[in-house]
Amino acid sequence: MSKKFIREVKETPVNYECDVLVAGGGTAGVLAAISAARNGAKTILVERHSFLGGTMLNGAGPLHSFFNLYKAFPGAEKIQVVRGISSEIIDRMVECGGSPGHLEQDKGGSYDSVITIIDWEIFKEVIFDMMMESGVEVLLHTMVVDAIMDGNTVKGVIIEGKSGREAIMAKTVIDTTGDADVAFRAGANCIKKHDTSALGMPFGMGGVDMPRLLAFLEENDMVTQIVRGDKGSETDDVLRLGFDLKKVPIFAEFMEKEEMWGPLGVSRYEGDYSYINSVKLNAVDATDTKALSEAEIIMRKKVMSLARMLKKHIPGFEKAYVNWTPVGAGVRYTRVVECEHDMTLDEIVNCKRFDDEVMLYGFHDCAPRIMIKDAGYYGIPYRAFLPKKIEGLLVAGRLITSDWAAHMSTRNTVSCMAQGEAVGAAAALCAKHNVNPRELDVQMLRKTLRDQGVFLG
Ligand SMILES: Cc1cc2nc3c(=O)[nH]c(=O)nc-3n(C[C@H](O)[C@H](O)[C@H](O)COP(=O)(O)OP(=O)(O)OC[C@H]3O[C@@H](n4cnc5c(N)ncnc54)[C@H](O)[C@@H]3O)c2cc1C
């Protein structure tokens, strides 16, 4: 840490005023913005990239999971646990050819019984349409760099983009930056969690002969997860494909040394292994600019080495080339905001329900090793999104849940989507009734969420 400082005195124009300001237009943020605007709030969404969707399009492959884990428990009922606006987005994606919908796993059903695959470019179009339809003002290419405080109450944020430094005043601010950039700068207690988790960098390859690859994997008993279905090809029906690459001797040592796993992947179109998740890096603090820059360079190198190895040694990859890498390293865990309730693994696996729950969820990323009991689902209470000690602020996404094993459930895409919908509606109700998030009538919020199609049991 430097001991030298410069003092800056700045006059920043207040160029925007709104009811609800959503910081970060990723997985949780897009749902929060649509939900807030549909509930009548003047809503502004600020996103640092040029598109919306965040890690849902730049880290995650299939969305986990709208459903419960019924395939791991013979006789269990199949239940769509996450509904509401999240489900509506998938319906819209299916309508315009952007998703084959919810797909039952042919193999790997006790990890996740149903996965949902989306075309990321079509998602970008659909989600911009939905923003415009609901009246959200979207500011892209813009960083939220500070919180505007009055005592311990957040009154707005400072943004920086090509127009320079500007202020946005808001009745309620929602932090969906993943890294808790607003909550941290507002003075909320944040716990750093990067030691126990990893950064990841999935990538995609074109020119892959998927049927030839699958034949090789099946001959060698390497397939761990598969979904077959129609992807508009006469010869290729592999949509989801995970395999144990370490079974090939030359990869065993290489992957051990490079700390790679799997891979688990998705193939959306013929000849395209669109998403290959294998590369990771442990113990990187992704809120440290230098550490993140170094990690990015290391992981990009690992991606290219793995791609070359696949091309050289695995049937089906002979003519393959890397055709996609994410905008940046995928981050699983950085700052966790200390909230009024912190979800525990015990609550998750034992299907705990709460009087003030605002969403339900039924997937755990460590299944079948850690499973939610009897294909059930648990609730997340409104309190889990309320930072301690700070007013005027709600948080949602991968920045809640301080226990690693519990986070392995709440951090997944479909959970973050449902969280976003809940806090968006909450913030709009706060503006409408002129109350602080801490004072909001939660039963009124639950009724509003039910009315917009959210399943609350
Ligand atoms: C490698 C990897 C693989 C994964 N695989 C899966 C999977 O297969 N299935 C699954 O369900 N989940 C998966 N996950 C987990 C899941 O994708 C994420 O946990 C989830 O998408 C996080 O959602 P979020 O809304 O909290 O954050 P994000 O979706 O990352 O959204 C945060 C948004 O805020 C923006 N932002 C950040 N800081 C600022 C700022 N200061 N100003 C303005 N904008 C800002 C970002 O650009 C981003 O758009 C994976 C995660 C990783 C890293």
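The values are calculated or read from the model by the stated rules, or taken from the named source; none is laboratory data. Bear in mind that the values here come from a model prediction, so they are computed numbers and not experimental data. Cβ sites come from the backbone with ideal geometry, for glycine too, and all protein chains shown count toward neighbours.
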Next item on the list: Sort through SER409, SER402, SER415 and tell me the only one that's assigned to a loop (DSSP other than H, G, I, E, B), small (Gly, Ala, Ser) and either in the same structural domain as ASN152 (by TED's automatic domain parsing) or out of contact with any strand residue (DSSP E or B) (no Cβ under 8 Å at 6 or more places or on another chain) (or both).
Entry: SER402
Check: In this structure, does ILE148 turn out to be assigned to a strand (DSSP E or B), away from the ligand (no atom under 12 Å from the Cβ) and over 22 Å from the mean Cα position of the chain (by Cα)?
Finding: yes
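From the list PRO315, PRO326, which one is surrounded by 17 or more Cβ atoms within 10 Å (Cβ to Cβ) and either in the same structural domain as PHE51 (by TED's automatic domain parsing) or over 30 Å from GLY392 (Cβ atoms) (or both)?
Sole residue among the options that is surrounded by 17 or more Cβ atoms within 10 Å (Cβ to Cβ) and either in the same structural domain as PHE51 (by TED's automatic domain parsing) or over 30 Å from GLY392 (Cβ atoms) (or both): PRO326.
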Next item on the list: For segment 341-364, indicate whether the set of residues that are within 13 Å of the ligand (Cβ to nearest atom) and among the polar types (S, T, N, Q) is non-empty.
Entry: no
Notebook entry, point to check: Quick one: what pairs do we get from segment 50-61, first residue over 13 Å from GLY178 (Cα atoms) and modelled with pLDDT of 95 or more, second near the ligand (Cβ under 7 Å from one of its atoms) and small (Gly, Ala, Ser), C-beta under 6 Å, 6+ apart or different chains?
Noted result: LEU52/GLY25
Next item on the list: Name, by its number, the condition in (1) among the hydroxyl-bearing types (Ser, Thr, Tyr); (2) exposed (fewer than 14 other Cβ atoms within 10 Å of the Cβ); (3) within 15 Å of the ligand (Cβ to nearest atom) that does not hold for TYR275.
Entry: (2)
Check: Regarding CYS351, is this residue closer than 30 Å to ARG300 by Cα, surrounded by fewer than 18 Cβ atoms within 10 Å (Cβ to Cβ) and of a type outside the set (Ser, Thr, Tyr)?
Finding: no
Note to self: What's the total number of residues in segment 372-417 that are touching a helix residue (DSSP H, G or I) at 6+ places or on another chain (Cβ under 8 Å), over 22 Å from VAL20 (Cα atoms), touching a residue at least 60 places away in the same chain (Cβ under 8 Å) and surrounded by 20 or more Cβ atoms within 10 Å (Cβ to Cβ)?
What the structure shows: 8
Notebook entry, point to check: Within segment 59-87, restricting attention to residues that are in a helix (DSSP H, G or I) and crowded, with 19+ Cβ neighbours inside 10 Å, which residue is nearest to the ligand (Cβ to nearest atom)?
Noted result: SER86
Note to self: Which count do you get for residues in segment 189-198 that are in a strand (DSSP E or B), more than 9 Å from the ligand (Cβ to nearest atom) and at pLDDT below 95?
What the structure shows: 2
Note to self: Kindly evaluate ILE158 against the criterion of being closer than 20 Å to THR401 by Cα, surrounded by fewer than 24 Cβ atoms within 10 Å (Cβ to Cβ), among the β-branched types (Val, Ile, Thr) and in contact with a strand residue (DSSP E or B) (Cβ under 9 Å, 6 or more places away or on another chain).
What the structure shows: no
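Tally the residues that are β-branched (Val, Ile, Thr) and farther than 20 Å from TYR377 by Cβ, restricting the search to segment 94-116.
Filtering segment 94-116 down to residues β-branched (Val, Ile, Thr) leaves 94, 114-116.
This time we only want the ones that are farther than 20 Å from TYR377 by Cβ, so: 94.
Looking only at that region, the number is 1.
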Note to self: For segment 203-215, check the following and say yes or no: at least one residue is within 14 Å of the ligand (Cβ to nearest atom), in contact with a Ser or Thr (Cβ under 6 Å, 6 or more places away or on another chain) and aromatic (Phe, Trp, Tyr).
What the structure shows: yes
Notebook entry, point to check: Name the pairs: first residue in segment 81-93 and closer than 19 Å to GLY376 by Cβ, second residue in a helix (DSSP H, G or I), Cβ to Cβ under 6 Å, at least 6 apart or on different chains?
Noted result: VAL82/VAL414; VAL82/ALA418
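Results for (1) modelled with pLDDT of 95 or more; (2) away from the ligand (no atom under 15 Å from the Cβ); (3) part of a loop (DSSP other than H, G, I, E, B), shown as yes or no for each residue.
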site: ILE89; (1), (2), (3): yes, no, no
site: GLY98; (1), (2), (3): yes, yes, yes
site: ASP112; (1), (2), (3): no, no, yes
site: THR116; (1), (2), (3): yes, no, no
site: PHE123; (1), (2), (3): yes, no, no
site: PHE128; (1), (2), (3): yes, no, no
site: GLU133; (1), (2), (3): yes, yes, no
site: VAL154; (1), (2), (3): yes, no, no
site: VAL157; (1), (2), (3): yes, no, no
Next item on the list: Output yes when any residue across segment 32-44 is within 11 Å of the ligand (Cβ to nearest atom), touching a residue at least 40 places away in the same chain (Cβ under 8 Å) and small (Gly, Ala, Ser), and no when none is.
Entry: yes
Next item on the list: Identify the residue in segment 88-120 that is among the β-branched types (Val, Ile, Thr) and in contact with a Pro (Cβ under 8 Å, 6 or more places away or on another chain) and, among all such residues, is surrounded by the fewest Cβ atoms within 10 Å (Cβ to Cβ).
Entry: VAL94
Next item on the list: For segment 195-225, name all the residues that are surrounded by fewer than 19 Cβ atoms within 10 Å (Cβ to Cβ) and in contact with a helix residue (DSSP H, G or I) (Cβ under 8 Å, 6 or more places away or on another chain).
Entry: THR196, ASN220, ASP221, MET222, VAL223
Next item on the list: Output the qualifying pairs, or none if there are none: Cβ atoms under 6 angstrom, residues six or more apart or on different chains, first residue in segment 176-188 and part of a loop (DSSP other than H, G, I, E, B), second residue of a type outside the set (A, V, I, L, M, F, W, C) and more than 6 Å from the ligand (Cβ to nearest atom).
Entry: ASP179/THR287; ASP179/THR334; ASP179/ARG335; ALA180/ARG335; ALA188/PRO387
Next item on the list: Answer yes or no: is there a residue in segment 303-310 that is in contact (Cβ under 8 Å) with a residue 60 or more places away in the chain, more than 21 Å from THR176 (Cα to Cα) and not in a helix (DSSP H, G or I).
Entry: no
Notebook entry, point to check: Only one of these conditions is not met by GLY229: (1) in contact (Cβ under 8 Å) with a residue 60 or more places away in the chain; (2) surrounded by 19 or more Cβ atoms within 10 Å (Cβ to Cβ); (3) away from the ligand (no atom under 12 Å from the Cβ). Which number is it?
Noted result: (2)
